[in-house]
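Q: Submitted below is the structure of interest, expressed as structure tokens.
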Amino acid sequence: MTAAVVTRVRLDLGYDGSGFSGWAAQPGRRTVEQTLAEALAQVLRLEAPPKLVVAGRTDAGVHATGQVAHVDLPAEALARAPGRSDREPAAALLTRLSGVLPPDLRVHGVEPAAPGFDARFSALRRHYAYRLTDEPSGVAPLRRHDVVGHRRPLDVEAMDDASARLVGLRDFAAFCKLRDGATTVRTLLTYSWARDAGLIVGTVVADAFCHSMVRALVGAVLPVGEGRRPAGWPLEVLTAGVRDPHVTVAPPHGLVLERVDYPDDDGLAARAAQARAVRTLD
């Protein structure tokens, strides 16, 4: 029997994570993955929701404006997407998805993936932002879903000092929820804090992140901002290599996945092969 021809499609999307139990499909829970897969099955008349591969598996309540996924679709089904119109199949699929997806999930880009593209393993960098306010009045009503209110004044310069000390190739076991067989070695490329338009914004960029890592990194510098810990304390926690009960994982709704970087098309496959290798500090 001849195997069905499939076309790999890149999807660029964003979502308000408030109403989702994270990205990954879970029985009985509303997730981004399941919602998107079911929409694809509906508009393309597939027998079952397709399998999606995502750049960053966000937790419950975490948002995204620049998430990337890929899906392997039957070429015949994709070719039928335009119906009687003369549009390209990818453009037609984008329009049709907009008609069935809920308002808290939008696909804003659909295109045939370049050879070797893998949304997860081809990625070079993931860019996250975490937004806080220490205003005594609290969070502005229109920002309550993506900004975390902090009750104590924060020394942002001290937070920035502390965060900069964590940058580099390190074992982030102290800031990750461990998973069997998974490495916690990551390259933290940027970790900084600044005040911007009335908010306190943390910028966190790495080649990849392990489970809960960004929110734990935020939680580690908040005591520094409050003056309860010295700027070197988060690095001490990291060096110890174990979860510290004094590090509180920050709330999810302040976190947004804003961008994923990929190499040029001719470097996609090589990057995917490199990323699949288990990372160590050696």
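Q: For segment 186-247, rounded, prolate or oblate, judged on the Cα gyration tensor with a ≥ b ≥ c (square roots of eigenvalues), a/c < 1.5 rounded, else prolate if a/b > b/c? Intermediate values should be presented prior to the final figure.
A: Numbers: a/c = 1.98, a/b = 1.12, b/c = 1.77.
Cα axes put segment 186-247 in the oblate bin.
Q: Something else about it: Given H placed 1.01 Å from N in the peptide plane, which residues other than close sequence neighbours of Arg30 have an amide H under 5 Å from its amide H?
A: Ser21
Q: Counting only trypsin sites (Lys or Arg not before Pro) that sit in a DSSP loop (anything but H, G, I, E, B) with at most 10 other Cβ atoms within 10 Å, what is the longest stretch of the chain containing none of them? Mind dumping the intermediate values first?
A: Values: sites that count: Arg45, Arg84, Arg151, Arg179.
Looking at the chain, 180-282 is the longest stretch - no exposed trypsin sites (Lys or Arg not before Pro) with at most 10 other Cβ atoms within 10 Å.
Q: Apply 1/(1 + (r/R0)^6) to the Cβ-Cβ distance of Ser18 and Ser137, taking R0 = 25 Å, and write down the FRET efficiency to the nearest 0.05.
A: On the way: r = 22 Å, r/R0 = 0.87.
Efficiency, from the Cβ-Cβ distance: 0.70.
Q: Could you calculate the FRET efficiency of Lys177 with Ala4 from 1/(1 + (r/R0)^6), where r is the beta carbon distance between them and R0 is 45 Å, rounded to 0.05? It would help to have the intermediate numbers written out before the result.
A: Numbers: r = 38 Å, r/R0 = 0.84.
The calculated FRET efficiency here is 0.75.
Q: Related question: Compute the distance in nm between two label points, each set 7 Å from the Cα along the Cα-to-Cβ direction, one at Ala79 and one at Glu236.
A: In this crude spin-label approximation the distance works out to 6.6 nm.
Q: Using a cut-off of 13 Å between beta-carbons, work out the net charge of the residues near Val43 (Lys and Arg +1, Asp and Glu -1, Val43 not included). Can you show the working numbers first?
A: Values: positive: Arg45, Arg80, Arg96; negative: Glu38.
Charge balance near Val43 sits at +2.
Q: Still on this structure, I have one more. Which entry in [x] 1.09; [y] 1.54; [z] 1.00 matches Cα Rg over 2.2 N^0.38 Å derived from the coordinates of this structure?
A: It is the one labelled [x].
Q: Here is a further query. Would you mind computing, in nm to one decimal, how far apart the modelled labels at Val100 and Ala164 are, each placed 7 Å from Cα along Cα→Cβ?
A: Reported label-point gap for Val100 and Ala164 is 5.1 nm.
Q: Next question, about the same structure. Name the residues whose placed amide hydrogens come within less than 5 Å of the amide hydrogen of Val6, ignoring near sequence neighbours (fewer than 5 apart) on the same chain.
A: Ala75
Q: Then there is this: Go through segment 1-90 and name the GluC sites (Glu not before Pro) that are in a DSSP coil and have 15 or fewer other Cβ atoms within 10 Å of their Cβ.
A: Working: sites: Glu33, Glu38, Glu47, Glu76; in loops: Glu47.
In loop regions of segment 1-90 (DSSP not H, G, I, E or B), the sparsely surrounded GluC sites (Glu not before Pro) are Glu47.
Q: Would you tally the net charge around Ala129, using a Cβ to Cβ cut-off of less than 12 Å, leaving Ala129 out, and scoring K and R as +1, D and E as -1?
A: Cβ neighbours under 12 Å give a net charge of 0.
All of the numbers you see were taken from the coordinates with simple rules; none came from a lab. Quick caveat, the model's predicted, so the values are computed rather than measured. Don't worry about glycine lacking a Cβ; one is built from the backbone with ideal geometry, like all the others, and counts go over all protein chains shown.
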